[in-house]
């Protein structure tokens, strides 16, 4: 796999920030490629568990499962938007604070019930918390789902921090093309 140089190294997230976003992020987007060569992107709930991304979908065959069985190479993305801010005098001198992770790896279908149950325990804890009113680790429909574990081969996290108020327009002017005139 190629490992391109990151163009904006100044925006790279630390490993701790990457782990935090992967742990707390709400939804990720999984990209696969089918036999026909077309990409397919699917939004999925996920958990970051033991250094892998774990996902699930129906057991019924469809784009996602067919694509993973055809080629296990995948790309997964998680992002978190923040506030939009102006940094210069023109509308195009606007940016947004964000956190974004893109990872490349290989997806494997997980068929054993203990691993699937472990995934669902983590998924329920992440999205539901501790619900003492229902039985723990009881998943009577495990046979109806397919669980995937993504082994990470390359991961990049970037972020844009919201600048302090004194670094934003109109207090500070960081216009990218100051010689331009709207007239």
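The values are calculated or read from the model by the stated rules, or taken from the named source; none is laboratory data. Nothing here was measured: the structure is a model prediction, and the numbers come from that model. Here the Cβ is made from the backbone with ideal geometry for all residues, glycine too, and neighbour counts use every protein chain on show.
A few points about this structure:
- Failed condition for residue 11, given (1) surrounded by 14 or more Cβ atoms within 10 Å (Cβ to Cβ); (2) at pLDDT below 95; (3) under 22 Å from residue 143 (Cα atoms): (3)
To keep it simple, each residue is scored yes or no on (1) modelled with pLDDT under 95; (2) surrounded by fewer than 18 Cβ atoms within 10 Å (Cβ to Cβ); (3) out of contact with any strand residue (DSSP E or B) (no Cβ under 6 Å at 6 or more places or on another chain).
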residue	(1), (2), (3)
114	no, yes, yes
123	no, no, no
128	yes, yes, yes
143	yes, yes, yes
150	no, no, no
153	no, yes, no
162	yes, yes, no
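- Of the candidates 57, 67, the single residue that is assigned to a strand (DSSP E or B) and more than 29 Å from residue 160 (Cβ to Cβ) is 57.
- In segment 51-74, the residues that are free of Cβ contacts under 8 Å to residues at least 40 places away in the same chain form Cβ pairs under 7 Å with partners that are assigned to a loop (DSSP other than H, G, I, E, B), at six or more places apart or across chains, as follows: 63/34; 66/34; 67/34; 70/34; 70/35.
- Meets criteria (assigned to a loop (DSSP other than H, G, I, E, B) and surrounded by 15 or more Cβ atoms within 10 Å (Cβ to Cβ)) for residue 88: yes
- Tally, over segment 32-51, of residues that are part of a strand (DSSP E or B), farther than 11 Å from residue 119 by Cα and over 11 Å from the mean Cα position of the chain (by Cα): 6
- The listed residue being closer than 30 Å to residue 138 by Cα and modelled with pLDDT of 95 or more, out of 103, 22: 22
- Within segment 164-183, the only residue that satisfies the criterion of being under 20 Å from residue 10 (Cβ atoms) and either at pLDDT 95 or above or touching a helix residue (DSSP H, G or I) at 6+ places or on another chain (Cβ under 7 Å) (or both) is 172.
- Among the residues making up segment 103-138, those that are farther than 25 Å from residue 69 by Cα and not in a helix (DSSP H, G or I) are 129, 130, 131, 132, 133, 134, 135, 136, 137, 138.
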